1. Return yes or no: is Trp163 in contact with a helix residue (DSSP H, G or I) (Cβ under 8 Å, 6 or more places away or on another chain), in contact (Cβ under 8 Å) with a residue 40 or more places away in the chain, open to solvent by 60 Å² or more (accessible area, probe 1.4 Å) and farther than 30 Å from Ile18 by Cα?
2. Tell me whether segment 105-121 contains one or more residues that are small (Gly, Ala, Ser), open to solvent by 20 Å² or more (accessible area, probe 1.4 Å) and under 20 Å from Val68 (Cβ atoms).
3. Could you tell me whether Arg113 is under 28 Å from Leu13 (Cα atoms) and among the basic types (Lys, Arg)?
4. List the residue pairs whose Cβ atoms are under 8 Å apart, where the first residue sits in segment 86-113 and is of a type in the set (Asp, Glu) and assigned to a helix (DSSP H, G or I), the second is surrounded by fewer than 16 Cβ atoms within 10 Å (Cβ to Cβ) and modelled with pLDDT of 90 or more, and the two are 6 or more positions apart or on different chains.
5. Residues in segment 159-170: is at least one under 25 Å from Leu73 (Cβ atoms), at pLDDT below 85 and part of a helix (DSSP H, G or I)?
6. Quick check on Arg124: is it open to solvent by 10 Å² or more (accessible area, probe 1.4 Å) and either touching a helix residue (DSSP H, G or I) at 6+ places or on another chain (Cβ under 9 Å) or assigned to a helix (DSSP H, G or I) (or both)?
7. Going by the structure shown, is Arg124 under 27 Å from Pro62 (Cα atoms) and among the basic types (Lys, Arg)?
8. Taking the stated definitions as given, is Arg82 free of Cβ contacts under 8 Å to residues at least 24 places away in the same chain, open to solvent by 20 Å² or more (accessible area, probe 1.4 Å) and closer than 18 Å to Glu40 by Cα?
Amino acid sequence: MTTNPADIGTVDLDRIVIRHGSHDKQDAKDEGETKACIMEWAWILHARANGLDVRSGWTDSPACTCSVIAAILRTYNDRIGRGQEGDDRRTRVLRPLLPLIVGTSSTEEVRNRRIYMASDWGIRVALPKLLRVTSFGAIGDRLALLPQVVDEKTLGLARETLWAAHRELWAARDAAWVRLRNATAAAAAAAATDAAAAAAAATAAAAAARVAASDVRARSRVAEMPAALVTSAGLG
């Protein structure tokens, strides 16, 4: 069962605060007091619009939302941060999406297209932006110039390029640590910065390559990658 994205029942969106992490069904109260993440709020909206009991079906994986979109938002939700500052930013960024994500469940074909779209954005947009704020912008440019990920062939090409980038970045990290060991005090800070940047970029490239698996079903978690990269690259 799905819900019209515009139908949010009696929920007052302006009073909603989106919280970090998962929560218990006992946290379901009035809008201003409910403690819930973005996907728990999606369930609340769906339940109220359809006359369902919010607490009995409490979940952060509601069937009314596409699993790819839900995976992106769950990861992004928790990477924004904790405390009041995190809640304020999370609410500002994610709350407007609530009426749009309820009712997005669709066919397997649509879900797979969304997986390719998420992969493409993570590989050709978010990761290059992350790399361009380091000394490895040229690697980011190569990734940005890859063909759009639309099927298994283009995803395979992207995966090969990502692993090559991972090897190059890890070699740069090793070289930076050698310079650090041999550096004078004045040069040590720069070498340490290069090493840290290379290690972080290499880790991101490896993560992107791993989620770009050959099995479409195994890529159900692919959406975690762009969400992780968007927060790392400061895009959100």
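The values are calculated or read from the model by the stated rules, or taken from the named source; none is laboratory data. A quick note: this is a predicted structure, and the numbers were derived from the prediction, not measured. When we count neighbours, we look across all protein chains shown, and the Cβ atoms used for this are built from the backbone with ideal geometry, even at glycine. Areas reflect the complete protein model, heavy atoms only, side chains present, ligands, DNA and RNA absent. Shrake-Rupley method; radii C 1.70, N 1.55, O 1.52, S 1.80 Å.
1. yes
2. There is at least one residue in segment 105-121 that is small (Gly, Ala, Ser), open to solvent by 20 Å² or more (accessible area, probe 1.4 Å) and under 20 Å from Val68 (Cβ atoms).
3. No; evaluated as a whole, the condition is false for this residue.
4. As it stands, the answer is none, since no pair meets every condition given.
5. Of segment 159-170, the ones under 25 Å from Leu73 (Cβ atoms) are 159, 162.
Then drop every residue that is not at pLDDT below 85, which leaves 159, 162.
Now restrict to residues that are part of a helix (DSSP H, G or I): 159, 162.
Yes - at least one qualifying residue is present in segment 159-170.
6. Numbers: open to solvent by 10 Å² or more (accessible area, probe 1.4 Å): yes; either touching a helix residue (DSSP H, G or I) at 6+ places or on another chain (Cβ under 9 Å) or assigned to a helix (DSSP H, G or I) (or both): yes.
Spelling it out, Arg124 is indeed open to solvent by 10 Å² or more (accessible area, probe 1.4 Å) and either touching a helix residue (DSSP H, G or I) at 6+ places or on another chain (Cβ under 9 Å) or assigned to a helix (DSSP H, G or I) (or both).
7. No: the conditions fail for Arg124.
8. Answer is no for this residue.
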